[in-house]
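Undergrad: One structure follows; several queries about it will come next.
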């Protein structure tokens, strides 16, 4: 559970009636782990932005560019799995 939100952290993937193969389930679990790592990075950036009130426009732009492509990749992958 998340400390501040009391939301449960976890994902259950169940293959009902043979709809998902073991390989597909394993791939989904690997993807989840990658997304968790990316979310940790994003949270770190958000905390930095929240605490750093003297950042210049250029500083924000550098951070934005760095993570824009990563977010696009994640969103593209997430949309493919829907």
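All of the numbers you see were taken from the coordinates with simple rules; none came from a lab. Since the model is a prediction, treat every value here as computed from it, not as a measurement. Ideal geometry is used to build each Cβ from the backbone, glycine not excepted, and the neighbour counts take in all protein chains shown.
Undergrad: How much length is gained on full extension from residue 36 to residue 66, taking 0.36 nm per residue of separation minus their Cα-Cα distance?
TA: On the way: separation 30, 0.36 × 30 = 10.80 nm, distance 1.80 nm.
So the extension gain works out to 9.0 nm.
Undergrad: Which of the peptides 55-65, 26-36 is most tightly packed, and how do the rest follow, going by the mean number of other Cβ atoms within 10 Å of each residue? Show your work: numbers first, answer last.
TA: On the way: 55-65: 10.7, 26-36: 12.5.
Answer by packing, highest mean first, reads 26-36, 55-65.
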